[in-house]
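Participant: Here it is, the structure in full.
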C-alpha cells in the first residue's frame, strides 16, 4: 500500500451508509483525518492476528475478507468499512483483508476512531 496523504472527501464519506447520517461538521472533521491509500491487487491491507491500529473505509475496488480455518467470508465494496472490531474491542484483527482489484481505502488511527466513530458502533 502506498499512502498518498490525500484526505478523503466529505462527498466520498456520504456514500458510506455507516457515515451518511453524520452531521456535516462531523463528516468534515473525519474526512480531514482519513488518509487515502491505493492498494494493488493481491496486497494485504490487514492480517488476522495482528494488532488493530486503524479503521478503514473502502472508496473504490473490491477486497476479500478471509478468516483462518473458515476461508472466504465476504467481499468488501465501495461504501463498506472494516477494522472496527479490533479497535472497538481492543483485540487482535479477527480477519485478513486483501485487495481483489485495484482499490482505494481511507483509514484513520485509533484516536480518530475513538473520538469520531466509536459511538456509531455502540449499538452493535
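Participant: Go through (1) in contact with a strand residue (DSSP E or B) (Cβ under 6 Å, 6 or more places away or on another chain); (2) more than 27 Å from residue 119 (Cβ to Cβ); (3) not in a strand (DSSP E or B) and name the single condition residue 32 misses.
Facilitator: Condition not satisfied by residue 32: (2).
Participant: Could you count how many residues in the range 68-93 are closer than 19 Å to residue 42 by Cα and touching a strand residue (DSSP E or B) at 6+ places or on another chain (Cβ under 7 Å)?
Facilitator: 12
Participant: Of all residues in the range 35-70, how many are outside any loop (DSSP other than H, G, I, E, B) and more than 11 Å from residue 96 (Cβ to Cβ)?
Facilitator: Number satisfying all stated conditions: 12.
Participant: Now a separate question. Quick one: how many residues across the range 92-124 are without any contact (Cβ under 8 Å) to a residue 60 or more places away in the chain, in contact with a helix residue (DSSP H, G or I) (Cβ under 7 Å, 6 or more places away or on another chain) and more than 19 Å from residue 39 (Cβ to Cβ)?
Facilitator: Of the residues in the range 92-124, 6 are without any contact (Cβ under 8 Å) to a residue 60 or more places away in the chain, in contact with a helix residue (DSSP H, G or I) (Cβ under 7 Å, 6 or more places away or on another chain) and more than 19 Å from residue 39 (Cβ to Cβ).
Participant: Let me ask another. I'd like the full set of residues that are under 11 Å from residue 65 (Cα atoms) and part of a loop (DSSP other than H, G, I, E, B), limited to the range 84-111.
Facilitator: Step one: of the range 84-111, the residues under 11 Å from residue 65 (Cα atoms) are 94-100.
Within the range 84-111, 94, 95, 100 meet the criteria.
Taken together, the values in this text are just the output of simple stated rules run on the coordinates, not laboratory data. Just so it is clear, the structure is predicted and the values come from calculations on it, not from any experiment. FYI the Cβ positions are ideal-geometry reconstructions off the backbone, even for glycines, and counts take in every protein chain you see.
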